[in-house]
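Step one of this worksheet: look at the structure below.
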Amino acid sequence: MRPLLLLALIACTGSSPETRDPVDLTEMLDEQSARAGLIVDEASLFGGISAEGRVGDYLLYNDRVRFVIQSDREGSYYVGSGGGVIDADIVRPEGVPGRDAVDEWAGMVGFGRLIDPEAYFVEVDGADGGAASLLVVGQEGELELAEGALEAPDLIQHDDLLLQVRYRLAPGSWLMEVETTVRNPGDDAVSVAPGDIIMGSLEAMETYEPGTGLDGVSSGGRLYSGLMGLRNQVAVALFPPPGGELDSGALGLIAEIADASAGQGEPLDIPAGGTATYTRYYGVGPDLATLTDAWLALDGRATQTVDGQVTAPDGPVAGARVHILVDGEPFTVAVTDADGRFAALAPTGTATTFVDGRGRGMFFDLPEGAPGISAYGADIPAAQALTALAEGAPGPAFAQGRGTSTDLTLAQPGQVHIAATDGGPFEARLRATASAGPADDRRLLRGEPDGGSVGWGVDDLTLDVLPGEYTVLVHRGLRHELHQETITVVAGQTVEVSADLGAAIDHGGYLLGDPHIHASPSSDAAVPMEERILGAAGVGLQLHFGTDHDHVADYAPIIGAAGLSDRLASVVATEWSPPTRGHMNLYPLVHTDGANGGAVPWWRNFEVSTAEMVQRLRDHHGEFVLQLNHPLDSGMFQFAEWEPGLISDAERYTSDFDAMELMNAGSYDEYLPLYLDLVSRGVKVVPTGVSDSHGHLNSMFGLSATWLGFGSDQVSAYSPDALMEVYGRGDTIVTRGPFLALSEKPGSTLTPGTTLDVEARSPSWIGVDRLILYENGLPLETVTATTASFTLSPDADAVYHVVAEGDAPMSPLSSRTPWAMTGSFYVDVGGDGWTPPLDPLVIQP
């Protein structure tokens, strides 16, 4: 920015930035104090699933709330520029880990039009009393992600406006005032549509808006836009100025797609050389009712108090969600205190309540109060979070297993205690035998997982559930037997379930992995990192791949804190996700302190070929396996316009890949013809099976996977170098159930007449009916048995695969039937080097 314009913008609002030394931002404040300043000590920062604050950023806080404003540095997630809120939480007692769940909180002056900060000023540090304030000055920039996603460099048009954002936090307030001044230095009048978007971590929060509640973004005017913690961790909300309303506007589309929270104010008409200002409030609190109370008091409109006590036969209920409706429409949510009490303000009208004590129906063998883990937390809050993950910490109350009520009375739950006889991890699913009641009101409740309750235990697990009869399924994936029984749960009593999950197969020489899984670093995932690790161990995976969208995260410290290092290893990885080039997994990588863990942002410098983009990845990360994901469904071969033997768009194609998904979420029909065509044309590509799971239970997590030939079935065999060697050899078996024991290793080059012995191994609930030998992509021989000996005697060089199939579903875990396929076996007839049976792939310019 030109210095004179910068000074003019500051002068136009009469600001006078303080210049004294930074204040101490580590001290706990009383209700009469607030502070703003530059962060110089990591002890000023706090943790949470989305925490990314760093020394050099700015902090505003009082005795109730705290906000981190990103400095002029490259940030993580999808808004890299500074000037916006990146972390927000309530102030917690000393030593209690933070629970920030805000990925991005950014103001805009139109679709994708952000501040590009040039300077930061602590206007008032608060040391002398009163409100504290921070001023951010810059010019208009653009949301690079939007232009990169569409590969449209001129998508976001702007007017070279000058922007000033003032963050002001008063003592004792739950709300931070945010004031943006826009100056138009041009010769023509302009109109802008100011607004804000909050991207919360979907693994920890859910959107809530007055009128629609939990059921999506409201299309009309509303008093606020918010998110609340899935387990009562924290709530955040955006409010208009007193007397105003928020509208969705253009930001509503982003909010709907991203499941975010957004709001726009009234359009601003700015004459040439003129300025305009708009104000709104950012709130953080223990629940939404705390925030709506604060704003209604500020607004001054007529209100009523809604209060009461939630009880059950066993006493007052803490941590219940009380939805407050006005004239039948959701307005806010209060969380009951230790005595089961709540109180909230609401606009005038007929007020009713709906109490949710059912909870999420999801249980994890984690210590009480274990926080969400961030991939990018600073050292001190990260260490505090890992300690709490191992040892527990004070945390918010959260009622589960108590049902719902419209009269403030909930049920007393019973408990189901589950343990495997070998003391190992497991996944448990409970489903009531009674028929389901009326459909849930989606404005007030989310559906229960798998129609009941689910849980993941490291060594044991207790679930709180409503009294009644349940079927119980306990399993550890496709390497083990499973356990089923029917139980009756009585209020206040505990039912013991002991599950024998005996090892069912010998898979010597191979580890079971899933080279495509998502968790909290991915913006579209619904699983925190620590819950993903418990889930991976529970379903019997031995190798977890952290393939989060455009993030490089290291899960190993979480595995250690959870006590699972002897059962599970993790591969540092990323899913590079340009929407018009195809998604690609990169592994193994090295996590760095850079933005997004060192991931390469595809949304920059995108006006090159796919081959050039991939070469940039190679130059940046060094040696790694590049896996093409769902290759014909938002994958490279779709965009490169593949048909058998032909690539029609060379600009969207690269031959520099090592592996491809043959099976994604249990489906292979679409990708198998592609794979067989490629290998028959001499493309050396390693097949993989993946879940691509973004949730806790979806995508056949644990059942759609890859056997990886490490030469051992022990987790200790994993290392990044050993993984590279596995892929270098091509020693993989894609599976939807069975393991295939083979006399030769996939990826081998064999001589004519070699006998390939095959045995399909599986637990009793997975049945294999036949083995099929493929030659050059076509079925050659079928044996109706679980063992076979195939003689490989082609007349010319050929490539072979073995497929195992079963006819019966893998009940009770899946309605899918068993299927598995080996990697390639190459037979070199003349001993002069293997020649592919089909012509090379034609790549049209």
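The values are calculated or read from the model by the stated rules, or taken from the named source; none is laboratory data. Given the structure is predicted, the values throughout are model-derived calculations rather than measurements. Cβ: placed from backbone, ideal geometry, glycine included. Neighbour counts: every protein chain shown. Ligands, DNA and RNA are stripped out before the accessible areas are found, and what is left, the full protein with its side chains, is counted by its heavy atoms. Shrake-Rupley method; radii C 1.70, N 1.55, O 1.52, S 1.80 Å.
What residue, among those in the stretch 754-780 that are polar (S, T, N, Q) and farther than 16 Å from Asp506 by Cα, is least open to solvent (accessible area, probe 1.4 Å)? Per the criteria, the residue is Thr754. When Met663 is tested against (1) in contact with a Phe, Trp or Tyr (Cβ under 6 Å, 6 or more places away or on another chain); (2) closer than 27 Å to Leu511 by Cβ; (3) of a type in the set (A, V, I, L, M), exactly one condition is not met: (1).
The set of residues in the stretch 184-203 that are in contact with a Phe, Trp or Tyr (Cβ under 6 Å, 6 or more places away or on another chain) and assigned to a loop (DSSP other than H, G, I, E, B) contains only Pro194.
Between Gly216, Gly141, Gly130, the distinction of being in a loop (DSSP other than H, G, I, E, B), small (Gly, Ala, Ser), within 33 Å of the chain's Cα centre (by Cα) and surrounded by fewer than 19 Cβ atoms within 10 Å (Cβ to Cβ) belongs to Gly216 only. Screening Leu135 with (1) part of a strand (DSSP E or B); (2) open to solvent by 30 Å² or more (accessible area, probe 1.4 Å) gives one miss only, at (2).
Exactly one residue out of Asp514, Asp459 is under 28 Å from the mean Cα position of the chain (by Cα), surrounded by fewer than 20 Cβ atoms within 10 Å (Cβ to Cβ) and on the phi < 0 side of the Ramachandran plot, and it is Asp459. If you check Thr751 against the conditions, is it out of contact with any Leu (no Cβ under 7 Å at 6 or more places or on another chain) and either of a type outside the set (A, V, I, L, M) or surrounded by fewer than 23 Cβ atoms within 10 Å (Cβ to Cβ) (or both)? So Thr751 fits the description; yes. Candidates in the stretch 371-381 are the residues that are closer than 12 Å to Pro97 by Cα and more than 18 Å from the chain's Cα centre (by Cα); of these, the one that is most open to solvent (accessible area, probe 1.4 Å) is Ile380. Within the stretch 764-778, being β-branched (Val, Ile, Thr) and not in a loop (DSSP other than H, G, I, E, B) holds for one residue alone: Ile772.
Scanning the stretch 37-49 for residues that are open to solvent by 10 Å² or more (accessible area, probe 1.4 Å), more than 24 Å from Met205 (Cβ to Cβ) and either in a strand (DSSP E or B) or not small (Gly, Ala, Ser) (or both) gives Leu38, Val40, Asp41, Glu42. Of all the listed residues (Val600, Val679), the sole one being closer than 24 Å to Asp839 by Cα and at pLDDT 95 or above is Val679.
The single condition among (1) touching a strand residue (DSSP E or B) at 6+ places or on another chain (Cβ under 7 Å); (2) of a type in the set (S, T, N, Q); (3) within 20 Å of Gly457 (Cα to Cα) that Thr387 does not meet is (1). The criterion of being open to solvent by 10 Å² or more (accessible area, probe 1.4 Å), at pLDDT 95 or above and not hydrophobic (A, V, I, L, M, F, W, C) does not hold for Glu661. All of Glu31, Glu52 fail the test of being open to solvent by 50 Å² or more (accessible area, probe 1.4 Å), in a loop (DSSP other than H, G, I, E, B) and either at pLDDT 50 or above or more than 16 Å from Ser71 (Cα to Cα) (or both), apart from Glu31.
The residues on offer are Gly645, Gly635, Gly695, Gly709, and the sole one that is closer than 23 Å to Ser811 by Cβ and open to solvent by less than 30 Å² (accessible area, probe 1.4 Å) is Gly695.
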